[in-house]
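Below is one structure, written out as structure tokens, with a few remarks after it.
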Amino acid sequence: MMMNATNSLGIAAVVVAAVIWVIPVEAQGLSTAAAGTHGASDSRGLAGGGAQLSTVKRTIAKRRVIPAKATVKRTARPPSGGQSAEDYNDQGDAFFDAEKYDAALAAYLKAVALDPRLSDTYYRIGWIYNEKEQYSDAITALDRSLALDPNSSESYFERGYAHRNSGGSQNAISDFRSAIRLRSDYGSAWFNLGDTYYSNTHEYALAIEAYQSGLRITPNVETAYYKIGWANNDLGRFQAAIDALERAKALKPDHAAVYAELGYANHQLESNAAAEAAYRQAIRLDPESSASYVGLGDVLYDQKNYAGALEQYKSADSSGTLGANTLYRMGYCYNDVSKFEDAVYVLNRAIELKPELSASYTELGYAQKQLARFNAAVKTFQRAAQLEPEAELPHYYLGQTYLDLGDKGNAQAQYQILMKMNSEYAAKLLAKINGN
């Protein structure tokens, strides 16, 4: 068998595994987008690129700050006896309080048609458009609000929210920073700034700084600590990751992703017992998380517990979505327990996903050789050697396979190649050539 190769808007309800928890008012607004979990092979996710932690619909009071009611100076009624801007604004407020946003929007639009100086009403219009995910309309309304009141931190925040959700990451960053400039203790703006760096631009060091600023205003926000931990793992700051994740765990001990990230950080620090315990707890809390099975498999694999690693990889592979590196490791484990047909199957999958990975070809050739498919094994080992000319194992196994075919001359040629490499495998192959 081949040697081990290293492959390794103010307010939000923070929602995890379809369970809503509400954070303090100033912390609200922190996004629930998951980063995914890290792992040595394929369990690592991309921040902002993974699925949401939940599809639970956000409600007003849990998403962004409820806009303040607009103050409208009473105006004379139109000569026709129609309603005034104040009347429409009051109607809008009543509908808004009842969460009848379409009716509120219609009333607010009538109010600003009669009196276009209502900055607070434009702000509420923008808020509703954000709720309806009509971000372009929200930006237009909030532009008007800010033109009338350039010192409205709430309007900057809300426009930042719209920009962030419509792909305008840099505009979002600018708006959140403007909101913070006007109000330095604006926790929601700090958290949303962190989310923009974390999920949109993947600037994790800046995300950490923003989250930490938010936590100084509103401590004990579990999701912020989790994301700080994830970001530190991505930056290779594993002890800092553990420190943040332990805070997250203390605040929410049933958040499976926290344990998965703790498993990853401890594994990177070679604290294998802690890593294994964390991954097993992640699996207990979320038995459907393939990333945690992969992470646990990697811990066991690196300790040469290949049978144990294989069981974890098999559990992770129930959805058939494993990446090439994990499939390679899975194939290695199958070879180690002499399940060569299974090894051939998963290693072909690995090669299909990542045809440039030489180790998969070497391991596949080994399985083919054990199944006495010598001609196929020759081609596979040759391909491995082409992909990684400095690799010794393809030549070693290729020489053995030539001997299986009775081709001592080509076996000698592989011995000469290994000699030029100063490989320890040269002497081993020569012994086999000489029948020892």
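The values are calculated or read from the model by the stated rules, or taken from the named source; none is laboratory data. These numbers come from a predicted model, not from an experiment. Don't worry about glycine lacking a Cβ; one is built from the backbone with ideal geometry, like all the others, and counts go over all protein chains shown. Note: accessible area is taken over every heavy atom of the protein model, side chains too, but ligands, DNA and RNA are not part of it. Shrake-Rupley method; radii C 1.70, N 1.55, O 1.52, S 1.80 Å.
Report, to the nearest whole %, how much of the accessible area of region 251-401 belongs to carbon and sulfur atoms, 1.4 Å probe, protein only.
In region 251-401, the share of accessible area belonging to carbon and sulfur is 45 percent.
Provide the per residue accessible area, probe 1.4 Å, for region 389-432, rounded to a whole number of square angstrom.
Each residue of region 389-432 exposes 50 Å² on average to a 1.4 Å probe.
What whole number of Å gives the distance from the Cα centroid of region 123-154 to the Cα centroid of region 396-436?
Each part reduced to its Cα centre gives a spacing of 74 Å.
With all protein chains present, how much of the accessible area of region 178-217 (probe radius 1.4 Å) comes from carbon and sulfur, to the nearest whole percent?
Carbon and sulfur atoms account for 45 percent of the accessible area of region 178-217.
With the cut-off at 24 Å, tell me which of the pairs LYS369/LYS428; LYS249/LYS314; LYS369/LYS432; LYS227/LYS354 have Cα atoms farther apart than that.
Where the Cα-Cα span goes over 24 Å, the pairs concerned are LYS249/LYS314; LYS227/LYS354.
Heavy-atom accessible area per residue, region 148-245, 1.4 Å probe: how many Å²?
Result: 34 Å² of accessible area for each residue.
Return the distance in nm (one decimal) between the two label points of a simple spin-label model at ARG216 and THR201, each offset 7 Å from Cα along Cα→Cβ.
Output for this residue pair reads 2.0 nm.
Compute the separation of the alpha-carbon centres of region 175-189 and region 323-346 and state it in Å as a whole number.
52
Over region 189-285, what number does the Rg to Rh ratio reach, with both radii from the alpha-carbon atoms and Rh per Kirkwood?
Ratio of gyration radius to Kirkwood radius for region 189-285: 0.98.
Please work out the average accessible area per residue across region 308-348, using the 1.4 Å probe convention, and give it in Å².
36
Starting from the Cα-Cα distance between TYR345 and GLU288, subtract it from 0.36 nm times their residue separation and give me the gain in nm to one decimal.
Going from the current span to full extension adds 18.2 nm.
Students often get this wrong, so check it: of LYS132/LYS252; LYS304/LYS379; LYS304/LYS339, which have C-alpha atoms separated by over 26 Å?
Correct reply: LYS132/LYS252; LYS304/LYS379.
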